[in-house]
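What follows is a short report on a single structure.
The values are calculated or read from the model by the stated rules, or taken from the named source; none is laboratory data. Since this is a predicted model, take the numbers as computed values, not measurements. When we count neighbours, we look across all protein chains shown, and the Cβ atoms used for this are built from the backbone with ideal geometry, even at glycine. Only protein heavy atoms, including side chains, enter the accessible area calculation; ligands, DNA and RNA are left aside. Shrake-Rupley method; radii C 1.70, N 1.55, O 1.52, S 1.80 Å.
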Amino acid sequence: MENIEDQDKKSFHELRAQIDPEVYEKWDCEQIYIRNLITEEDIFEWKLDPKSEKALKYIGGVDISFSQKHQDIAVAILVIIEYPSLKKVHEEFEIVKLDGPYIPGFLAFREAAHLVKLFKKLQINKPQFTPQVIMVDGNGILHQNACGLASHLGVLIDKPTIGIGKTIFYVDGLRKDVVLDKFKKVTDEGGFAVLQGDSGRVWGAAYKSKKDVVDPIIVSVGHKITLQSALDLISKCCNFRIPEPVRVADIRSRELVKKISLQEALTAPTNSLEFLTEKFDGDKKKKIMEKKNLVFKLKEEDFPSLF
DNA sequence: GCGACAG
DNA sequence: ATCTTGTCGC
């Protein structure tokens, strides 16, 4: 019974031990440097009111989805969502190879560079879709060095960013039970609990995006926006629990990563698909055939980096 | 001193 | 992050 806790302890310790102390120190330093470049003020021109002359038009959403086969292969994506329709109008993506493992607290050093690349591609391909604000899958200043992925990326591309976390990341006494306890008192859709740590500093908010959701989304300032403005925007972007820019980026990158896995299966020495279609009937067979169709529907334009 | 740790 | 079936509810 005693080793359940020990295993958790060990695996976390092992994660941190995967980077050598010098790299840790360097990254720590870099985060503190970047932190000083972050602003938590509204530095943008757009307005939420669609009738305004300066109405917000394009919101960006970024995410990275991984292949289950090769742990280091992933699809990085940037989707452009039109406001206020919340429809996807454009996407840029790339199949990428991750350098290192995920280390809690250092997500940006694994993902940020790939995301920056997508903004550069957008700049060249479709500059007219340049987003005015970006929602990031991960935290902003809600981070041990007040420099999570959303903030890190925001500084690199010099644009307003918002961090959207789906689970609670511990910082400054904000344990999971503490956050959920604060969130429990939020009852109305669109309501939120401000996440103030033991130090008194406000790190973000636990937001109730739908009336009956059990879990909050964790919102934190990335760069060039206030928490209040971030929440105001998010309140207009939630068709479901996760705001559309992040949700669509998530779904779409997963879709693409699966296509890539299937393509690998197609080029594999043994073709198990044939065997499976003969072996199973009904729904199972139907599902397999759908996957098969996916393979045949692969288009060159879906894989610019493969051609 | 330990432990809580985004994707 | 990823793997997954059924299942509960509108």
Residue A:191's amide H: which non-local residues (gap 5+, or another chain) put their own amide H closer than 5 Å, with H modeled 1.01 Å from N in plane and none for Pro or chain starts?
-> A:208
From the phi of every residue in segment A:62-77, what ³J(HN,Hα) in whole Hz does the Karplus formula 6.51 cos²θ - 1.76 cosθ + 1.60 yield, where θ is phi - 60° and glycine or proline is x?
-> 10, 6, 9, 10, 10, 7, 6, 6, 9, 4, 9, 9, 8, 10, 9, 9
In whole Hz, what ³J(HN,Hα) sequence does segment A:87-96 give by Karplus (6.51, -1.76, 1.60; θ = phi - 60°), x for Gly and Pro?
-> 8, 6, 10, 6, 8, 10, 8, 7, 7, 10
Amide H neighbours of residue A:133 at under 5 Å, excluding residues fewer than 5 places away on the same chain, with H built from the backbone geometry, are A:60
Tell me which residues come under 5 Å, amide H to amide H, from residue A:42 once H is placed; ignore anything under 5 positions away on its chain.
-> A:226
Taking the Cβ-Cβ separation of residue A:113 and residue A:185 as r and a Förster radius of 30 Å, what is the calculated FRET efficiency to the nearest 0.05?
-> 0.15
Please label the shape of segment A:154-221 as rounded, prolate or oblate, based on the square roots a ≥ b ≥ c of the eigenvalues of the alpha-carbon gyration tensor (a/c under 1.5 means rounded; beyond that, a/b larger than b/c means prolate, else oblate).
-> oblate
So the carbon and sulfur contribution to the accessible area of segment A:3-254, 1.4 Å probe, in percent, is 51 percent
